[in-house]
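Here's the structure, in structure tokens; my notes come after.
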Amino acid sequence: MIIRIMLILSIAVLLAWVLRQRGSIVGEARTKLIAIALFMAAVLAVLFPEITNDIANSVGVGRGADLLLYGLAVTFLASQVIYNRQRNDDQRKLYKLARKLAIIEANQLGRNQELHQEKS
Amino acid sequence: MCVVIPVWNEGKVIRKTINDVLKIYPFVVCVNDGSTDNTAAEILKTKAVLINHPLNMRQGSALQTGIEYGLQFTSVEYFVTFDADGQHQISDVVAMHKVLNKGQHDIVLGSRFLGKSINMPRIKKILFKAAVLFTNIFSGIKLTDTHNGLRMFNRRFAENLNLIFPGMAHASEILDKVGRGKWRYKEVPVTIHYNDYTNTKGQSVLNMINVVSDLLLSRVSR
């Protein structure tokens, strides 16, 4: 019994965090709807574990716990891929910014300006 | 003519490399890619332009920085990418310049397999040949050497080149651009001098794996 309360409480806290988030994230409303749906599914799964068993059986998996584990594995890998992609994008933006900075700095250096005047 | 030299911790040799180039081409842009040795001080002793990256962003990024700096000056017609470690010969650049001056090509690429490789270790030879095979399959252009740091291209190509792979994959990235954009290219034989210094600093086996995976993955996701 205690575990059920703990599980429901922790997902409720997570949901509250997601719903409280404000900002300019595109599709924010959609994210919130998905979070609410996930929360309800999670609460149902905690209160009535036999539901996950039934779903598992219907797709050919023995136990509901196994089905959850498989789903978790796929979700974990997907989130790693997405995270990596975002990190690469961020790195490209950072490098672009650093490049701009380096060129501006080089243009301002008196030494570089003199060198260029000597040549032209 | 703008000679771009990306430099990372080459304090021992960079001054000699720059001065050799300056004997013939006066506009040398050195991109110091966050070196932790005396590289910047050594560059300041020469007549080359110094650009300091605020952090280490790796060779492809450094090339892009040097090219963007050079593009600011409208008098620059041609760009050269040149390695800092002294493995390239300025006489080869002169030969490439003559080819480009005929106006029939947008980019000329150095090939060590058409030219000479002095003291090239066998493992490197095998790796480079494998890279050639791989790149020829994927970029759709036929070359004898795909990972040669010595290249010369015109302003139009430089303006269109927007290198986004930070690391060593820029070599394949450039060829990819050449293949897709229908640029007119030509290979020119060049001599590469291998010595103990270039061998310890050059591309390693692990690096090659990175190059391949970067390129393959770029096709799946971007």
Once R0 is set to 56 Å, what does the formula 1/(1 + (r/R0)^6) return for the Cβ-Cβ distance between B:LYS12 and A:SER79, expressed as a FRET efficiency to the nearest 0.05?
0.80
Expressed as a fraction of 2.2 N^0.38 Å, the rule-of-thumb size for a compact globular protein of N residues, what is the C-alpha radius of gyration of segment A:61-120?
2.40
Rounded, prolate or oblate: which fits segment A:1-47 when a ≥ b ≥ c are the square roots of the eigenvalues of the alpha-carbon gyration tensor, with rounded for a/c under 1.5 and prolate only if a/b beats b/c?
oblate
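Per residue of B:29-42, count partner chain C-beta atoms within 10 Å of its C-beta, then hand back the mean as an integer. Before the final figure, lay out the partial values.
Values: counts 3, 0, 4, 1, 1, 1, 0, 0, 0, 0, 0, 0, 0, 0.
What the average comes to for B:29-42 is 1.
With the cut-off at 1.5 for a/c, could you classify segment A:1-118 from its C-alpha gyration tensor as rounded, prolate or oblate?
Numbers: a/c = 4.67, a/b = 2.92, b/c = 1.60.
Note, shape of segment A:1-118 comes out prolate.
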Over all residues in B:49-57, what is the mean tally of Cβ atoms on other chains that come within 10 Å of each residue's Cβ?
6
Counting only other chains, what is the mean number of Cβ atoms within 10 angstrom of the Cβ of each residue in peptide A:95-107?
6
Among B:SER35, A:TYR70, B:GLY70, the residue whose Cα sits farthest towards the positive end of the charge dipole of the protein assembly as shown (+1 at Cβ of Lys and Arg, -1 at Cβ of Asp and Glu, taken about the Cα centre) is B:GLY70
Ordering of B:39-49, B:166-176, A:5-15, B:59-69 by burial proxy (mean other Cβ atoms within 10 Å per residue, highest first):
B:59-69, B:166-176, B:39-49, A:5-15
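Determine, for each peptide in B:147-155, B:92-100, the mean count of other beta carbons within 10 angstrom over its residues, then list the peptides with the highest first.
The peptides rank, most packed first, as B:147-155, B:92-100.
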Once you have the Cα-Cα distance between A:LYS100 and A:LEU68, take 0.36 nm times their residue separation minus that, and quote the gain in nm to one decimal.
6.8 nm
Helical mean residue ellipticity (222 nm; -39500 (n - 2.57) per DSSP H run of 4+; nearest 500) of chain B:
-13500 deg cm²/dmol
When a/c is below 1.5 the answer is rounded, else prolate if a/b is larger than b/c, else oblate, so apply that to segment B:2-220 with a ≥ b ≥ c taken from the square roots of the Cα gyration tensor eigenvalues.
rounded
Within chain B, percent of DSSP bridges classed antiparallel, to nearest 5:
25 percent
The protein assembly as shown pair-distance distribution - Cα-Cα, 20 Å bins, rounded %:
26, 43, 21, 11, 0
I'd like the orientation of helix A:64-108 relative to chain A: the angle between its Cα long axis and the longest Cα principal axis, in ° from 0 to 90, rounded to 10.
10 degrees
Separation in nanometres of the label points that stand 7 Å from Cα toward Cβ, at B:ALA41 and A:GLN117
2.8 nm
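Quick note: the coordinates plus some simple rules give every number you see, no bench work behind them. Since we're looking at a predicted model, the values are computed, not measured. Backbone-built Cβ (ideal geometry, glycine too); neighbour counts: all protein chains shown.
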